[in-house]
Amino acid sequence: MTVEQIIFFILVMILGSYTQTVTGFGMGMIVLGFVAQFDLTSITFASVIISLMMLANGSIALKGKISIIDRPALTYALIGLVPALIVGVFLLTYLSRDFARILQGILGGAIFMGGVFIMLKPEPLKIRSGNLSFSIAGATAGVLGGLFSIAGPPLVYQYYRQPFTLENIRLSLLAIFLMMNIGRLIVLGAQGELTLDMLWIGLLCVPAVSFATIAGRRWPPPVSDNTMRRIAFLLLVLIGISLMLTA
């Protein structure tokens, strides 16, 4: 990467980190979207940097706020996510590029339709969903995270439909993505996919990501919970469109 590309990449990481902090998701899609659009680096390279930055973002955003999270929901989501994440990473090694693009297109269509439907009525359910549904959402997110580095949509859909506070939803998603990226880095490291260049670029991004995360905690957008829910589902629609276009 050139100096100009590195600076632009860091600015994109700032935008993604702030969005991730105030909504609980979004960093991966924002960064990967800009990377693909402007050909900054490879998707594989960028996804590793995102995983590294998720460690800084999640650790800072969650500091002193773990008690707010619905722990049973988090536990069951991780029970489904962890083994599925390993499967997804190994599937990525064996699937052909064409087949992966077909899967990406199908994923984009499903996310788009789900986002459109939920945007019509984003109010949460009156009763919390069962634990099994959190494991199913976690497993789906794990496979997609391993294959595409896009684990957010299934869990965002699951959590934003629950009768939880926005703070609970945001922190729960951040905690799940923190755990997921720790696992993803371990699997990638075991496969020998981590390089010194990735670690160096990641080190350059740490101060910017830390600043954006702190800014998101202290100065979140002044909007209501329902408005934030609508923004979240709008992002799902945009995610779906971007996936279908790039497929």
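The values are calculated or read from the model by the stated rules, or taken from the named source; none is laboratory data. Predicted model, so just to flag it, every value in this text is computed and none were measured. Glycine gets a Cβ as well: all are built from the backbone with ideal geometry, and neighbour counts include every protein chain shown. Ligands, DNA and RNA are excluded from the accessible area calculation, which covers all protein heavy atoms including side chains. Shrake-Rupley method; radii C 1.70, N 1.55, O 1.52, S 1.80 Å.
Any idea how far apart residue 241 and residue 218 come out in nm if each label point goes 7 Å out from Cα toward Cβ?
Roughly 3.5 nm, to one decimal.
Could you let me know the centre-to-centre spacing of the stretch 1-75 and the stretch 195-247, using Cα atoms, in angstrom?
6
Rounded to the nearest 0.05, what FRET efficiency is calculated for residue 123 and residue 6 with R0 set to 45 Å and r the Cβ-Cβ distance?
FRET efficiency, residue 123 to residue 6: 0.55.
Give me the accessible area per residue for the chain, probe 1.4 Å, as a whole number in Å².
Computed with neighbouring chains in place, this is 47 Å² per residue.
Return the calculated 222 nm mean residue ellipticity for the chain, to the nearest 500 deg cm²/dmol, obtained by summing -39500 (n - 2.57) across DSSP H runs with n ≥ 4 and dividing by the residue count.
Rounded to the nearest 500, the figure is -27500 deg cm²/dmol.
Where does each of 40-50, 62-72, 212-222, 170-180 land if you order them by average Cβ count within 10 Å, highest first?
Ranked from most to least packed, the peptides come out as 170-180, 40-50, 212-222, 62-72.
Please state the relative contact order of the chain as a whole percent: Cα pairs under 8 Å, 6+ residues apart?
This gives 36 percent for the chain.
Can you pull a Stokes-Einstein diffusion coefficient for the chain at 25 °C (0.890 mPa s), Rh from Kirkwood over Cα pairs, as a whole number of µm²/s?
Answer from the Stokes-Einstein relation: 137 µm²/s.
Among all helices in the chain defined by DSSP H, which have a length of 20 Å or more along the axis from Cα atoms plus a Kyte-Doolittle mean of at least 0.0?
Within the chain the helices that satisfy the rule are 3-23, 43-62, 71-94, 97-119, 131-148, 166-190, 196-218, 225-246.
How far, in nm, would the chain grow between residue 106 and residue 210 when pulled straight, counting 0.36 nm per residue and subtracting the alpha carbon separation?
Once the chain is fully extended between residue 106 and residue 210, it gains 34.0 nm.
Please work out how much length the chain gains when fully extended from residue 200 to residue 68, using 0.36 nm per residue of separation minus the C-alpha to C-alpha distance, in nm with one decimal.
Extending this stretch completely gives an extra 44.1 nm.
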